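Engineer: I'd like to ask you about the structure that follows.
The values are calculated or read from the model by the stated rules, or taken from the named source; none is laboratory data. These numbers were taken from a predicted model, which means no experiment stands behind them. Cβ atoms come from the backbone with ideal geometry, glycine included; neighbour counts cover every protein chain shown. These accessible areas exclude ligands, DNA and RNA; they are computed on the full protein's heavy atoms, side chains included. Shrake-Rupley method; radii C 1.70, N 1.55, O 1.52, S 1.80 Å.
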Amino acid sequence: MRTHAQAAIIGGGVVGCSILYHLAKLGWTDVVLLERDELTSGSTWHAAANIHGLHDSTNISRIQHYTMNLYKELEAETGQGCGVFQPGSLYLAQTEDREHQLRLQAAKALYYGMNFYEIDRREAERLHPLVNLDGIRCIMFEPDGGNVDPSGVTNAYAAGARQKGAEIHRFTPVTSTVQQPDGSWIVETPKGIIRTEWLVNAAGLWGREVAALAGLDLPLIPTEHQYFVTETIAEIAAMDRRLPSVADRDGEYYLRQEGNGLLVGAYEKDVRFWAEHGTPPGFGHELFPDDLERIEDNMMRAIDRVPALGEAGIRRVINGPMIWSPDSNALFGPVPELKNYFCCNGIIPGFSQSGGLGLLAAEWMISGEPHLDMFAWDLARFGAWTDKAFTRARVGDQYANRFSIHFPNEERAAGRPARTRPAYQRQKQMGAVFGLNFGWEHPLWFAADPADAKETNGFTRQNWFEPVGAECHMLRQHAGIIDISNFAKYAIKGSGAADWLNSIFANTMPKTVGRSCLTPLIGVRGGIAGDFTVTRLADDEFMIIGSGMAERYHQRFFSAVPLPFGTTFESRTETLCGFNVAGPKSRAMLQQLTNASLATAEFPFMRSQRLILAGIVVVALRVSFTGDLGWELHCATGDQLRLYDALLEAGKAFNAGPVGSRALMSLRIEKGYGSWGREYSPEYWPQEVGLERLVKLEKDFLNKPAYLALKDNPPRERLSLIEVHDVTNADASGGEPVFLPDGTPVGRVTSGTYGYHVAKSLALAYLKDVTPGAEVDVMILGKPHRGTVLSEPPFDPAGERLRA
């Protein structure tokens, strides 16, 4: 066994073997995989191993498409069969919402060149004559859908890795992982010790136990999951081809051919957790006792859809464990608090995603960043607040609603509230409907009657459409008070503070006390890893404000540059709260609460001051994400409720009141402002999002060489604002493809909303070779809606109100 490696992977399931294969494929051949038992032990061996390409997330669709296409390449490369069956998949919609979802996916498939399209009932019955299609509104077909052999795929990855020089050691449990001062790891096993540059936790059911060896607590919990296989069905045995699988997600089951019978699995409402406090060390190829009564309702719906199923005997039942994260997405990426510790845990559709996960993991370790933005899977989306109670509640909800549609803007209640601030109860009493942001509860919108503070969900406009409109009109006409406490806040102090910040951020840091600047953070590949507001509070003190949900993600970048001696950097997100008071009457309203002049001459745009406001010390910044006249006010958390009450009381005389983040979305899109995680991403270059003017080449900054390598490249796409016409009941929400009227694909929506003040349905989108004034089709609800590309934002394009 090797004593040194570039990477040591713990876990010999399909994902661990894929990571090993892709590391070797990209050039790291000094890599080793350690498996406690036999390859495929745990969850891999008993998986149903279905494969499909489409997902509501564009980038997840991309990696699933890559994975599906990889298997036949693996077979040719290694000579190891993957047991690939691709008779196609039928996707059925029983409800209008499911039809909307499938039509959106079909539009995305057309845009990305994937195989997924609508067929009529006659063709569906020809493809699968056993399916009863009564009550079905819409049928989509994915010709490449199907299933694979779990053991075959895993061993193909292993064979390919070995051919490239990688080592695999079975029956080699890891007993200790110890980080060294240089960032490398010592991995101890009964067969010897390995010193490795990177340590990869792909331990599946034992991901928690392996993480604990490094002092980590991963938010994962296993559940039981059942499927069964029938005896031979005569109609299937008589066919000369394989039947497509059936995705009837409104029926909450999956179904495909297995041999000459059918395989049926379900995600039932009666969730059964397993091994909540730790996976038994001796568990490997065991199963749980059959318990088909738990999935009886799902089975009956499957029988209604495929009547032949009801006449067939059951040949075998598989009831085995799966391990879940709180949102059922992978826990993926380097651990921000540790150097060179990579996680890939909690993967549910492993055989649809294994190839893409392996590729992106290898890119991340070798190149420093994957080519796709995978924040939706980045383990940094969770923090210390993700405790066992929250994880258990969310996993239970995810399992029971595995096939439920996750609608745009939907906020699920399981496990909440996790974290609240002092104003939470007051906001609740006022009718706030809350969302979740990195564990924090924050107001989305306010119901006129607190008894109505509950929202509906769907692809069309919902019950919050009118209340959010009222908030937007209030702020644009008078003033509004927005809780922005969920923004990430940082304090940096010391004589080296300015130099350190200049070495991190692309813009030049403010040289004068009281000045602020906007700055991008450049990613490893030269894209936009973040956008921040930096304010100089004193000669040796700065305040940084960024995305709250990305706080742990950004920790990786802040840790990349050592702090100068005597300089401190700390998160103040928990100790500070904030409000944005904005609108044409915001100055007059706030002036009632302070003796300091808020006139433009004394307090111009992009300036800051420490003020006494309503008797409370605040840091006031003359900025506003609404695009209107306004101030951000940041105070100690202990003063939040007192400040909120004072603002609400002062606002009464000016017809001002509380405003939620749904309104903020509408207001910032009216102004054409982008947001991190939607418009700003490591995938996009500064010149594509209009931030190149904030990159100062006369100084050094983090990842400057990567930016220099692409700064002169013409934009592949440009961030643009579209007015969508003739919209009656739905607006773009993000992810909708954009086509020219002749059907040429030209872009995709990143954010969409109704602009209440400008009375327009709006969409921010990345467009390729499309100029202002051009007409395009935005695929809202999967159907073309004509739009016009705007030359400027419809609200205050010259910034007159912002700077008034």
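Engineer: Which trypsin sites (Lys or Arg not before Pro) in the stretch 380-437 pass both tests, a DSSP loop state and at most 15 other beta-carbon atoms within 10 Å?
Structural biologist: On the way: sites: 381, 388, 392, 394, 402, 412, 419, 426, 428; in loops: 402, 412.
Filter output for the stretch 380-437: empty list.
Engineer: Moving on to the next point. Would you please report the Å³ per residue occupied by the convex hull of the alpha carbon atoms in the stretch 344-472? Walk me through the numbers on the way to the answer.
Structural biologist: Numbers: hull volume 20.8 nm³, N = 129.
Per residue, the Cα convex hull of the stretch 344-472 comes to 161 Å³.
Engineer: Once amide H atoms are placed 1.01 Å from N in the peptide plane, what residues at a sequence separation of 5 or more from residue 118, or on another chain, have their amide H within under 5 Å of its amide H?
Structural biologist: Those qualifying (amide H under 5 Å, at least 5 residues apart or on another chain) are 141.
Engineer: At a 10 angstrom cut-off on C-beta neighbours, averaged per residue, how do the peptides 714-727, 243-256, 552-565 rank from highest to lowest? Spell out each step's value before the answer.
Structural biologist: Details: 714-727: 18.5, 243-256: 23.4, 552-565: 16.1.
The most tightly packed comes first, giving 243-256, 714-727, 552-565.
Engineer: Can I ask one more? Semi-axes, largest first, in whole Å: what does sqrt of 5 times each Cα gyration tensor eigenvalue give for the stretch 430-509? Could the numbers behind the result be given before it?
Structural biologist: On the way: eigenvalues 279, 45, 33 Å².
Over the Cα atoms of the stretch 430-509, the semi-axes work out to 37, 15, 13 Å.
Engineer: Take the alpha-carbon centre of the stretch 270-326, take the same for the stretch 80-106, and report the distance between them in whole Å.
Structural biologist: 22
Engineer: Where Rh denotes the Kirkwood radius from the mean inverse Cα pair distance, what is Rg over Rh for the stretch 532-661? Write down the numbers at each step before the final one.
Structural biologist: Numbers: Rg = 15.8 Å, Rh = 16.0 Å.
Radius of gyration over Kirkwood radius for the stretch 532-661 works out to 0.99.
Engineer: Report the Rg/Rh value for the stretch 279-401, based on alpha-carbon coordinates and the Kirkwood definition of Rh.
Structural biologist: On the way: Rg = 18.7 Å, Rh = 17.6 Å.
Here Rg/Rh amounts to 1.07.
Engineer: Give, in nm to one decimal, the length gained when the segment between residue 175 and residue 411 is fully stretched (0.36 nm per residue of separation minus the Cα-Cα distance).
Structural biologist: Working: separation 236, 0.36 × 236 = 84.96 nm, distance 4.04 nm.
Length gained between residue 175 and residue 411: 80.9 nm.
Engineer: Tell me the mean residue ellipticity at 222 nm calculated for the chain from its helices only (DSSP H runs of n ≥ 4, each -39500 (n - 2.57), averaged over every residue, nearest 500).
Structural biologist: Values: 19 runs with 197 residues, N = 804.
Using -39500 (n - 2.57) per qualifying helix, the result is -7500 deg cm²/dmol.
Engineer: Separate question: Each label point is 7 Å from the Cα along the Cα-to-Cβ direction; what then is the distance between the points at residue 454 and residue 511, in nm?
Structural biologist: Output for this residue pair reads 6.0 nm.
Engineer: Turning to a different aspect of this structure: With a point put 7 Å past each Cα toward its Cβ, work out how far residue 473 is from residue 95 in nm, to one decimal.
Structural biologist: Roughly 3.1 nm, to one decimal.
Engineer: Not counting ligands, DNA or RNA, and with a 1.4 Å probe, what is residue 99's accessible surface area in Å² rounded to the nearest 10?
Structural biologist: Counting only protein heavy atoms, residue 99 exposes about 30 Å² to solvent.
Engineer: Report for the chain the percent antiparallel among DSSP-assigned beta bridges with both residues inside it, nearest 5. List each step's numbers first, then the result.
Structural biologist: Working: 125 of 150 bridges.
Taking every DSSP beta bridge with both residues in the chain, the antiparallel ones total about 85 percent.
Engineer: When only alpha-carbon atoms count, how far does the stretch 669-713 stretch along each of its three principal axes, as whole angstroms with the largest first?
Structural biologist: Taking the Cα atoms of the stretch 669-713, the three principal extents are 34, 19, 19 Å.
Engineer: In whole Å, how far is the Cα centre of the stretch 725-804 from that of the stretch 571-607?
Structural biologist: Measuring centre to centre over Cα atoms gives 32 Å.
Engineer: What number do you get for the stretch 717-804 when its Cα radius of gyration is normalised by 2.2 N^0.38 Å, N = residues? Can you show the working numbers first?
Structural biologist: Working: Rg = 12.7 Å, N = 88, 2.2 N^0.38 = 12.1 Å.
This ratio for the stretch 717-804 stands at 1.05.
Engineer: Past 21 Å, Cα to Cα, is the threshold; run 671/760; 25/191; 269/428; 72/108; 164/191 against it and keep the listed order. Walk me through the numbers on the way to the answer.
Structural biologist: Working: 671/760 12 Å; 25/191 27 Å; 269/428 30 Å; 72/108 24 Å; 164/191 23 Å.
Long pairs (Cα-Cα over 21 Å): 25/191; 269/428; 72/108; 164/191.
Engineer: Let me ask another. Which distance in nm do the two modelled labels at residue 317 and residue 518 give, with both placed 7 Å along the Cα-to-Cβ direction?
Structural biologist: 6.0
Engineer: How high is the FRET efficiency from residue 292 to residue 237, r the C-beta distance, R0 25 Å, rounded to 0.05? Kindly include the intermediate steps, with their values, before the conclusion.
Structural biologist: Details: r = 24 Å, r/R0 = 0.95.
For residue 292 and residue 237, the calculated efficiency is 0.60.
Engineer: Which of rounded, prolate, oblate describes the stretch 401-452, given a ≥ b ≥ c as roots of the alpha-carbon gyration tensor eigenvalues and a/c under 1.5 marking rounded, otherwise prolate only if a/b is larger than b/c?
Structural biologist: Working: a/c = 2.49, a/b = 1.45, b/c = 1.72.
Note, shape of the stretch 401-452 comes out oblate.
Engineer: Just the number: Rg to Rh for the stretch 140-271, Cα atoms, Kirkwood Rh, two decimals.
Structural biologist: 1.11
Engineer: May I ask you to work out the translational diffusion coefficient for the stretch 647-804 at 20 °C, viscosity 1.002 mPa s, via Stokes-Einstein with Rh from the Kirkwood sum over Cα pairs, reported in whole µm²/s?
Structural biologist: Details: Rh = 17.2 Å.
It comes out at roughly 125 µm²/s.
Engineer: Where does the stretch 1-103 land on Rg(C-alpha)/(2.2 N^0.38 Å)? Before the final figure, lay out each step's value.
Structural biologist: Working: Rg = 17.4 Å, N = 103, 2.2 N^0.38 = 12.8 Å.
Taking the Cα Rg and dividing by 2.2 N^0.38 Å, one obtains 1.36.
Engineer: Oh, and also: Suppose R0 equals 41 Å. What FRET efficiency, 1/(1 + (r/R0)^6) with r the Cβ-Cβ distance, do residue 304 and residue 429 give to the nearest 0.05?
Structural biologist: Working: r = 47 Å, r/R0 = 1.14.
Given R0 = 41 Å and the Cβ-Cβ separation, E is 0.30.
Engineer: Apply the Debye scattering formula to the stretch 173-219, with a single equal point scatterer on each alpha-carbon and no solvent, then give log10 I(q)/I(0) at q = 0.14, 0.27, 0.33 Å⁻¹.
Structural biologist: Those come out to -0.32, -1.08, -1.30, one per q.
Engineer: When the gyration tensor of the stretch 274-351 is built from Cα positions, what are the square roots of 5 times its three eigenvalues, in whole Å, from largest to smallest?
Structural biologist: Working: eigenvalues 249, 56, 23 Å².
So the equivalent ellipsoid measures 35, 17, 11 Å along its semi-axes.
Engineer: While we're looking at this one, here's another question. For a paramagnetic label modelled at 7 Å from the Cα of residue 636 toward its Cβ, which residues of the stretch 565-589 fall within the zone defined by backbone nitrogen distances under 13 Å?
Structural biologist: 575-577
Engineer: Report, as a whole number in µm² per second, the diffusion coefficient that Stokes-Einstein gives for the chain at 37 °C and 0.692 mPa s using the Kirkwood radius over alpha carbon pairs.
Structural biologist: Numbers: Rh = 28.1 Å.
My calculation gives 117 µm²/s for D.
Engineer: Related question: Take the Cα gyration tensor of the stretch 306-378, multiply each eigenvalue by 5, square-root it, and list the three semi-axes largest first, rounded to whole angstrom. If you can, show how the numbers build up before the last one.
Structural biologist: Numbers: eigenvalues 255, 36, 21 Å².
The answer is 36, 14, 10 Å, longest axis first.
Engineer: Per residue, what accessible area does the chain have, given a 1.4 Å probe and all protein chains present, in Å²?
Structural biologist: Details: 29210 Å² over 804 residues.
So the chain comes to 36 Å² accessible per residue, rounded to a whole number.
Engineer: Moving on to the next point. For the stretch 573-631, count the residues as N, evaluate 2.2 N^0.38 Å, and divide the Cα radius of gyration by that value, please.
Structural biologist: On the way: Rg = 11.0 Å, N = 59, 2.2 N^0.38 = 10.4 Å.
Relative to the 2.2 N^0.38 Å estimate, the stretch 573-631 comes out at 1.06.
Engineer: Sticking with this one: Can you compute the radius of gyration and Dmax for the stretch 57-102, using only the Cα atoms, both in Å?
Structural biologist: 15.1, 46
Engineer: For residue 645 and residue 420, what does the FRET efficiency come to when R0 = 25 Å and r is the distance between their Cβ atoms, rounded to the nearest 0.05? Numbers along the way, then the final one.
Structural biologist: Details: r = 17 Å, r/R0 = 0.67.
Computed FRET efficiency for residue 645 and residue 420: 0.90.
Engineer: Okay, next question. Dipole magnitude of the stretch 75-169 about its Cα centre, charges +1 at Lys/Arg Cβ and -1 at Asp/Glu Cβ only, in debye to the nearest 20? List each step's numbers first, then the result.
Structural biologist: On the way: 9 positive and 14 negative charges, 22 e Å.
Here the size comes out at about 100 debye.
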